[in-house]
């Protein structure tokens, strides 16, 4: 009996293995146990059975020991257990034609019936100690290792079961069944390296290594209960934490490895039509199987049923550390201050879903962990309706009827990527301290608290369309939708500089390898990007000032931003938004002397006047951009109250992108209103100077890192900004200016309190010589009527003592940084709809003392209650053009009408609160005049050789009436003692302008008439 069983085993096993003898088999019939040793598999047959691609070939496969345990008396309820000790596989990546065994070894097992034996095999459990797969491509070698691999049957809720009958659900009405399997492993390790000699490739030095632990894969299969045909499947792979520390040389190796594989794939022969058809017959379209399902099905089957095949990947947390090579061969610029830089990126709750055959017009309600309808699904339906309408307009009535019949069968391939949270830290080096760690990019948790808890930070979808019945019908364009936010982005100059270095390093590797990332042919794709509550933070500290009244951050906030190249995605208002352009704009563009392609820019401006959408020119991609209100504030840190700078203003923009030139037109939808005080003005001027130097530094870095290769040059761009009206409110202090020649000057020492960090000598110097800061905070002259009538400029809180400040900084730095313990997401063995646990991401909040917050708020209320003077500058019909060509930058603009108004004795808080009030005052260009008669024209030129830039301004036909108190405070307002010196050639020409200065002490105002006045600084221009 034993020999007969061994003979049958050898008969069937010889189709897959070589040289199998009876001595290798051990059988215990009554106990249901068996064992096979030292099995050598047939690599050719195994390659065909696994249906591997033609560029992947198995060279050798073996198993040292296989044990089986069969529960003869409990086959219906208990699984057959298969134990494997170690599996060794050698795989070769090649472009040569594959070998064939001549016949399909599985054909002898084909049977039209589905019975008890099939259910026994399906319920089998597999346990493998180690699986090692070594691959060799001629240039690269590597390995993949899985330890403690197990395949077991589970309940529909992925719970352990004691009876196999609980692992499947059979619906007699539709003759379909669902079965559930789970694959788990303890450790997954992937390694790869580049070696020249075959002997060296066997010893992997692992320049590339990826390790993850405790993974699982949940497999649900829908089959026919009549013949066992597979109708569909759902595979969910769940991983816990992944940590990858990669250096730039390792990234270059990964690029080289990818490029080598792509060359093999392109050079490998394609599968024959027969193989492709046979493969497609195994997986019929899910829509067909779904249509055969009756409505009256069991409740359990309906709860766990799925209508299409899908693949899903879930990762609890990914920590990626990109490190610099400490011994970089290319070297660094002389002013490089980042030693062994590193960038950390943390992705929390990553999920990727792929649906290969989705009905394009479906409602997506059956997608896994997907809320429909949403912005993306609605936008996709708009694209399909627009494409269907376009096809019908080009067809006759008979063709339209045929299109209406086959259109519902249109399928799409959909890929959905979602990330619950993203944290990108600023670059750090060997000298970085813990209290200096900041996040470059992260979710805005305060804004996110107002959204649904399950809404991810990143939601990205790709869709491509095809029709299973015809290949001649024009398909809709591919669609890509990105929903991002709420998030905050910190403009850190060191990080941007290091990222540029890493980009140039990777780009250099691509050019050296002549690598292609598969972007030779990119089909037309409709793109839509939605940004939700983005926030850009620009640091203002570190500019050589210790004054606590200076703002430390410039915060640009937005509600929503929409950018798309799809014509059907924006309203008709967007294309007619610029239709009211006057002839002044065209005259202005013709008269400019900017470095640009004038004909391209002029045609772009003329198209803005068209009321209908013009077909895009070949090679030109048009984007429509619209925003909800944007506002800009300044503050003194994360926990401080903000001070308004720019009021709410929504923007519309059109951008034409081509390889020759990028043309952009921007126009606000309402009046632009801004309020600025002395300290904001000083920090903004310093920021402009610093950003100019930073751009020059980036340009020098790019030249250094790209030396020896061609980078193609920069693409020229031109920007036209059209503003109906600009209102700038300049906040000035009240009271008379202290004269250094006054003989009797008194001071209220309570209003003049220097910071603790200043020395006594500094205080004495400030008292002896009035400076810009003392002018804003000084006490009144004795000669004034009374102390109560003199109001000082609002002073902001002085810094606390150094020890308390240091302690607070340490507390905030520790709380702000993401804690590893707070972002652990353990994948529990829970029902299917709970892959990630329900706990939200917990990140330490900013820890601020309550009494300090109360004190700061009280000081803020005092500041807002003080009285100030306001100088209002109104600019009507403003147009500004900016261009860059061959690193030469220019700016030109004009305003048809300029007005200066003053407001005396205003409450500071009311000035800031009125920033978002819009007036009904409107003036047409016909009322204001033509471009030639504009009251203000200005021009800024920055040569390509980085020589001294030049600023020209022309002022004409203005009548200015100002109070002497306003005029006297303008010079201290513009004064900056710590100014970053940036050379500038200045020329201001004033003609036909009358200036009247009123003095409250005199009944006769001062009149100044300027007919041909020229003000110059620097070289003559």
What order, most packed first, do the peptides 37-45, 450-458 have when packing is the mean number of other Cβ atoms within 10 Å of each residue?
37-45, 450-458
Hey, quick one: spin label on residue 430, modelled 7 Å out along Cα-Cβ, who in the stretch 334-359 has an amide N within reach, i.e. under 18 Å?
334-343
Each label sits 7 Å from Cα toward the beta-carbon; between residue 129 and residue 263 the label points are separated, in nm, by 4.1
Gain in length, residue 415 to residue 737, computed as 0.36 nm per residue apart minus the alpha-carbon separation, to one decimal in nm?
109.2 nm
So how far apart, in nm, are the two label points at residue 391 and residue 681 if each is 7 Å from Cα heading toward Cβ?
6.3
Ranked by Cβ crowding within 10 angstrom, fewest neighbours first, how are 223, 535, 446, 433 ordered?
433, 446, 535, 223
Would you mind getting me the FRET efficiency between residue 947 and residue 211? Use the beta-carbon distance for r and R0 = 56 Å, nearest 0.05.
0.55
Just to be sure I understand the model, the point goes 7 Å from the Cα along the line to the Cβ. What's the resulting residue 914 to residue 74 distance in nm?
8.6
Within the stretch 127-167, which residues have the backbone N less than 13 Å from the label spot 7 Å out from residue 83 along Cα→beta-carbon, could you tell me?
127-129
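Please compute the length gained on full extension between residue 470 and residue 525, using 0.36 nm multiplied by the number of residues separating them and subtracting their Cα-Cα distance. Intermediate results must be reported in sequence, preceding the final value.
Values: separation 55, 0.36 × 55 = 19.80 nm, distance 2.12 nm.
Taking 0.36 nm per residue and subtracting the Cα distance, the gain is 17.7 nm.
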Under the rule rounded for a/c under 1.5, else prolate if a/b exceeds b/c, else oblate, using alpha carbon gyration tensor axes a ≥ b ≥ c, the stretch 629-737 is classed as oblate
Going by Cα centres, the stretch 370-385 and the stretch 1-40 are how many Å apart?
57
Which distance in Å, rounded to a whole number, links the C-alpha centroids of the stretch 855-899 and the stretch 110-179?
68
Three-way shape call for the stretch 308-539 based on the alpha-carbon gyration tensor, with the a/c threshold at 1.5
prolate
Net length gained if the chain between residue 703 and residue 964 were fully extended (0.36 nm per residue, minus Cα distance)
88.7 nm
Between residue 403 and residue 302, what FRET efficiency follows from the Cβ-Cβ distance if R0 is 30 Å, with the result rounded to 0.05?
0.35
Quote the FRET efficiency, to the nearest 0.05, computed for residue 148 versus residue 689 with a Förster distance R0 of 60 Å and r equal to the Cβ-Cβ distance.
0.45
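No value in this document is a laboratory result; all are computed from the given coordinates. Keep in mind that this is a model prediction, so the values were computed, not measured. Here the Cβ is made from the backbone with ideal geometry for all residues, glycine too, and neighbour counts use every protein chain on show.
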